[in-house]
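The values are calculated or read from the model by the stated rules, or taken from the named source; none is laboratory data. For clarity, every value in this text was computed on a predicted model and none was experimentally measured. Because the Cβ atoms are built from the backbone with ideal geometry, glycine has one as well, and the counts that use them run over all protein chains shown. Each accessible area value is taken on the protein alone, full model and side chains, heavy atoms only, with ligands, DNA and RNA left out. Shrake-Rupley method; radii C 1.70, N 1.55, O 1.52, S 1.80 Å.
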Amino acid sequence: MEKKITQSERKHAAIIAAAIEEFKDKGFRATSMDSLAARAQVSKRTVYNHFASKEVLFQAIAQQMFDHSAQATSVRYQSNLPLAQQLLEFSDKELDLLASEHFRALAKIMIGECIHSPELAASTMAQLNEQELSLEQWIRDAVADQKLKPVDPAYAAGQFIALIKANAFWPQITMGQAIPDTKQKQQIAQDAVGMFLAYYAR
């Protein structure tokens with residue numbers, strides 16, 4: 001049976017959605033709780049009942065971004081399958097995520113505030129860094145299975161994702177380059193997997 005969404009949950013979601021649009025249009029600092037409440041079609045008091053401050057709301061958006069990313073790119077280690085096959089599957093998911101308009105809109109908000117509000121960015125990243133990506137667990141399992149060399153899972157996962165983002169995220173976010181097409185995505189994924197395994201595979 002599908003869980004019924006409460007009025008409070010609907011308002012919570014509406015506030016986050018409104019905040020994303022407000023931050024995207026005006027930036028974090030220029031957004032007021034009044035304009036945010038108006039866009040969400042709730043009272044200012046309701047906004048504060050759900051989020052004690054604009055900073056807490058920003059962190060909730062970052063959490064939503066992390067949760068969406070984690071769900072979209074979930075991967076589980078399977079000892080009976082080739083490492084390359086499993087990493088290519090993860091890469092496909094990661095590339096689809098990076099190409100999504102919703103993810104890129106959230107990313108732009110996060111990046112903008114990393115530049116303008118380093119303290120807020122630092123506290124937000126500290127919150128997110130306590131959570132683990134499924135790729136980290138995949139690497140840990142592959143190391144335990146003696147398919148990969150011993151390595152810090154978080155460090156190696158960051159390296160692998162950076163190989164993908166170097167061609168399928170940062171040029172699009174910072175220089176307005178086109179999103180890679182299907183053929184380009186395949187090339188990016190194959191190159192990232194090849195470089196990663198050339199160094200870490202046993």
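Which one of these does Asn49 not meet: (1) crowded, with 18+ Cβ neighbours inside 10 Å; (2) in a helix (DSSP H, G or I)?
Every listed condition holds for Asn49 apart from (1).
Kindly establish whether Asp67 is more than 21 Å from the chain's Cα centre (by Cα) and among the acidic types (Asp, Glu).
Criteria not met by Asp67.
Got at least one residue in the stretch 174-193 being acidic (Asp, Glu) and either more than 17 Å from Leu133 (Cα to Cα) or in a helix (DSSP H, G or I) (or both)?
Scanning the stretch 174-193 turns up at least one residue that is acidic (Asp, Glu) and either more than 17 Å from Leu133 (Cα to Cα) or in a helix (DSSP H, G or I) (or both).
Under 8 Å by Cβ, and 6 or more places apart or on different chains, what pairs join a residue from the stretch 139-158 that is free of Cβ contacts under 8 Å to residues at least 12 places away in the same chain with one that is open to solvent by less than 50 Å² (accessible area, probe 1.4 Å) and part of a helix (DSSP H, G or I)?
Val143/Pro153; Pro150/Val143
Would you mind stating whether Gln86 is in contact (Cβ under 8 Å) with a residue 24 or more places away in the chain and either in a helix (DSSP H, G or I) or in contact with a helix residue (DSSP H, G or I) (Cβ under 6 Å, 6 or more places away or on another chain) (or both)?
Here the answer is yes, as Gln86 does meet what is asked.
Please enumerate the residues belonging to the stretch 14-43 that are exposed (fewer than 14 other Cβ atoms within 10 Å of the Cβ) and either in a helix (DSSP H, G or I) or in contact with a His (Cβ under 7 Å, 6 or more places away or on another chain) (or both).
Asp25, Lys26, Arg29, Asp34
Those residues that are among the hydrophobic types (A, V, I, L, M, F, W, C) and open to solvent by 20 Å² or more (accessible area, probe 1.4 Å), I need them from the stretch 82-104; list them, please.
Within the stretch 82-104, Leu83, Ala84, Leu88, Ala99 meet the criteria.
Scan the stretch 109-126 residue by residue and report those that are open to solvent by less than 50 Å² (accessible area, probe 1.4 Å), within 16 Å of the chain's Cα centre (by Cα) and closer than 17 Å to Ser53 by Cβ.
Selection gives Ile109, Glu113, Ala121, Thr124.
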